[in-house]
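Written out below as structure tokens is the structure these notes cover.
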Amino acid sequence: MSFNKLGLSPALLKSIQAKGYSNPSEIQQEAIPEILKGKDILAGAQTGTGKTAAFALPILHRLQNAESKRRRVRVLVLVPTRELASQVGESFRDYGSNLRFRTSVLYGGVSINTQIDKIRKGVDIVVATPGRLLDHLNQKTLKLSELETFVLDEADRMLDMGFIRDIKKILQYLPDKKQNLLFSATFPNEIKALADSLLNAPKRIQVRSSNSTAEKVVQVVYPVDKSRKRELLAHCIKEEGWFQVLVFSRTKHGANKLAQQLSKEGIDADAFHGNKSQAQRTRALKDFKDSKTQVLVATDIAARGIDINLLPQVVNFDLPYVPEDYIHRIGRTARAGQEGKAISLVSADEHKLLFDIEKLLNSPIPRETIEGFEPTQNLSTEAPKSRGSRRRKPSNRSKGPERSRSSRGRSSFNKKRNKNSTSKSKRRP
Ligand code: AMP
């Protein structure tokens, strides 16, 4: 299918062409015509599917069609992180480059006065994180009473980050009559309840689940002793010439330490996490995007929504406690159909975490043992004896589409695991 068939204006088609997109992604094909009709949307789509353009393009089209002389906030996009806010704001500016709308991005950690000045000059589209948006609403520096479209992006991540109460407060500032678009990768009960109260006869769209997105990434596990992970990472970066590697660390401290150790070994590395100031985070991301930094070591929350075109490698230095975070992590590579590789350095003590991830994927991840780094403790391929949960917020998760699919597929998963789980030895020259 071509973008021309979706009913978007020539100005928007020109921007799409300038971005180099040849065909609409699945979420774009499904969502754009519905949003153009003015319908509410409940979309199961994660980052990497092209969901930002799926809402930004039709929103811009509708704004253009009902252009008004008086500038006022007509669109609000609520996102969980500052980085995502910047990226979504940039997308609106890019896609709307042939139009005359003004976009303002509001998040904390930077001067509120600069934001107030900009709002006073008039904006049409606001992209915001919940905390700073509430500051503006409480101080009455922003009015949303004439809002036409509200987008709640990455709703499940909002919930994980504890924003649900802020969202409910924000909703009270919005007019009842508006178009509502809700995007989420998963649908825990609280998100379902929020969707029920917010959306009006929504069109439901479910695109490539996170599981199938994960299948597009070449995934591999390198079994290794915990104490030798850093050495193995440095070895791979140097020997395999990995450039532009996003490395995930479970903790901020771990991210700092790893970045420092890699720097000592002559590898350009930087850390990216929530304890860094916004200026540091922005600089770290810019240096990484500009290829000045080779390795960015990030925590899950900070890296959420990072969009770097053609990011070829993602490394899990340690596995996440929540299996879905693995999907989010590896979604940083193979963006919008491009090729990417996700490598997990896994020590024997992470066996249960790996098992939970493979169960969610409904498929075992191939193991490759790197010569010279053979683990002294084998990574078990058996199901863990204790079935205790290590999830962060078990009560928040429902048996949503992804969950039930993984449990349905469990017996076939176990069959696949038994067939494929023997480790291969990777030969090095
Ligand atoms: P998102 O899921 O919105 O985070 O988008 C992921 C990436 O896909 C971004 O880098 C977009 O620029 C890119 N993208 C969005 N739509 C398309 C498309 N139709 N073709 C190619 N790339 C796209």
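List of remarks:
- Charge tally around ARG204: other residues with Cβ under 13 Å, Lys/Arg +1 each, Asp/Glu -1 each, net -1.
- Karplus-derived 3J(HN,Hα), 6.51/-1.76/1.60, for each residue of segment 54-62, Hz, glycine and proline x: 4, 9, 5, 5, x, 5, 4, 4, 5
- Interchain or long-range residues, amide H under 5 Å from LEU181's placed H: ILE41, PHE150, VAL151, LEU152
- By the rule of a C-alpha distance below 14 Å, with chain neighbours fewer than 8 residues away ignored, the aspartates and glutamates paired with LYS341 are GLU215, GLU240, GLU368.
- Peptides 263-272, 245-254 ranked from most to least packed, by the mean per-residue count of other Cβ atoms within 10 Å: 245-254, 263-272.
- Förster-model FRET efficiency, 22 Å R0, GLU368 and GLU265, C-beta, rounded to 0.05: 0.45
- Per-residue Karplus couplings for segment 162-169, computed as 6.51 cos²θ - 1.76 cosθ + 1.60 with θ equal to phi - 60°, are listed in order as x, 9, 4, 5, 4, 4, 4, 5 Hz, Gly and Pro entered as x.
- Gyration tensor verdict on segment 1-99 (Cα atoms; rounded if a/c is under 1.5, prolate if a/b is larger than b/c, oblate otherwise): rounded
- Under 12 Å from LYS169, Cα to Cα: aspartates and glutamates that are on another chain or at least 8 residues apart: ASP135
- Percent of Cα pairs exceeding the 20 Å cut-off, where the set is segment 3-206: 53
- Amide H contacts under 5 Å for THR141, placed H, 5+ residues apart: none
- Per-residue extension of 0.36 nm, minus the Cα-Cα distance of LYS192 and ARG71, leaves a gain of 40.2 nm for this segment.
- Net lengthening on full extension, VAL110/ARG283 (0.36 nm per residue, minus Cα-Cα): 60.9 nm
- Kirkwood Rh (inverse of mean 1/r, distinct Cα pairs), segment 235-303, angstrom: 11.8
- Phi-based couplings in Hz for segment 181-196 (Karplus 6.51, -1.76, 1.60; Gly and Pro marked x): 10, 10, 10, 7, 7, 10, 10, x, 3, 5, 6, 4, 5, 4, 4, 4
- Neighbours of SER227 by Cβ distance under 14 Å: Lys/Arg scored +1, Asp/Glu scored -1, total -1.
- Contour excess over end-to-end distance, with Cα ends at GLU231 and LYS118 and 0.36 nm allotted per residue: 35.8 nm
- Cα centroids of segment 261-290 and segment 23-102: 30 Å apart.
- If you sort the three axes of the alpha carbon gyration tensor as a ≥ b ≥ c, you get a/c under 1.5 for segment 217-361, which makes it rounded.
- Computed over every Cα-Cα pair of segment 105-178 and binned at 10 Å starting from 0, the pair-distance distribution P(r) comes out as 17, 54, 27, 1 percent.
No value in this document is a laboratory result; all are computed from the given coordinates. Keep in mind that what you see is a predicted model, and the values were worked out from it rather than measured. Counting neighbours? That spans all protein chains shown, and the Cβs are built from the backbone with ideal geometry, glycine included.
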